[in-house]
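Student: Please read through the structure below; I'll follow up with questions.
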Amino acid sequence: MAEETTSSFWDELTSPINLVLVSIIVYLVYKILRSHFETVDPPAPPPPPMRKLRKDMTVAELKAYDGTGTDGRVLLAVNGVIFDVTRGKRFYGPGGPYAAFAGKDATRGLATGQVAGNDKEYDDVSDLTADEVASAKEWEEQFREKYDIVGRLLKPGETPNTYSDDESENKKEQ
């Protein structure tokens with residue numbers, strides 16, 4: 001009788017379905033034990049937020065903010081307004097699909113739909129069609145909703161404004 005019990009127990013244990021179930025249980029126990037003994041590095045803290053930049057710039061000064069600087073800041077101008085698009089660095093920063101606009105006046109490129117930076121000293125975009133001007137204005141409005149305004153893109157001979165740190169959003173562009 002003892003031999004019969006041992007034989008039936010062994011038959012039950014070695015049945016295909018039970019072998020699969022035992023294998024799954026052993027695997028799950030292994031995963032649970034392994035997860036308890038592994039050390040998980042805590043995620044790196046996010047970098048401190050950048051100081052808000054408030055400054056009017058010339059085209060030459062704007063070129064320094066193409067995302068390759070030490071602080072990684074990315075600025076671009078649309079219709080004479082400079083925006084800090086660093087939050088959208090994956091689009092406007094180095095290697096992004098719109099990297100050609102980084103550190104430049106993007107008005108002409110956005111208005112015409114051509115992703116190409118403008119290297120002119122100052123582009124008055126007076127030769128754009130009415131539809132292109134409207135398109136540039138739409139882009140400007142989208143940037144105003146999403147990104148911080150840094151200041152104005154200065155025309156040659158124009159003097160920059162002086163901004164204080166406590167200046168409100170409403171005073172930025174007047």
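No value in this document is a laboratory result; all are computed from the given coordinates. Small disclaimer: the values here were computed from a predicted structure and weren't measured. A quick note on method: Cβ atoms are made from the backbone with ideal geometry, for glycine too, and the neighbour counts reach across all protein chains shown.
Student: Which of the three applies to the stretch 11-156, rounded, prolate or oblate, going by the alpha-carbon gyration tensor with a ≥ b ≥ c and a/c under 1.5 meaning rounded? Intermediate values should be presented prior to the final figure.
Tutor: Values: a/c = 4.73, a/b = 2.81, b/c = 1.68.
It comes out prolate by the Cα gyration axes.
Student: Something else now. Name the residues whose placed amide hydrogens come within less than 5 Å of the amide hydrogen of Val85, ignoring near sequence neighbours (fewer than 5 apart) on the same chain.
Tutor: Residues meeting the amide H criterion: Val74, Leu75, Leu76.
Student: Under a point spin-label approximation (7 Å from Cα along Cα-to-Cβ), what is the Thr14-Arg51 distance to one decimal in nm?
Tutor: In this crude label model, Thr14 to Arg51 measures out at 7.8 nm.
Student: Work out from phi, with θ = phi - 60° and the Karplus expression 6.51 cos²θ - 1.76 cosθ + 1.60, the ³J(HN,Hα) of each residue of the stretch 71-78, listed in order in whole Hz, and give x for Gly and Pro.
Tutor: 8, x, 5, 10, 10, 8, 10, 9
Student: Still on this structure: Quick one: which residues, 5+ away or cross-chain, put their amide H under 5 Å from the amide H of Arg152? H built at 1.01 Å from N.
Tutor: When sequence neighbours closer than 5 places are left aside, the close amide H contacts are Asp56, Met57, Ile82.
Student: If I stretch the segment between Arg87 and Val115 completely, what's the gain in nm (0.36 nm per residue apart, minus their alpha carbon distance), one decimal? Display every interim value, and only then the final one.
Tutor: Values: separation 28, 0.36 × 28 = 10.08 nm, distance 1.94 nm.
The Arg87-Val115 span can extend by a further 8.1 nm.
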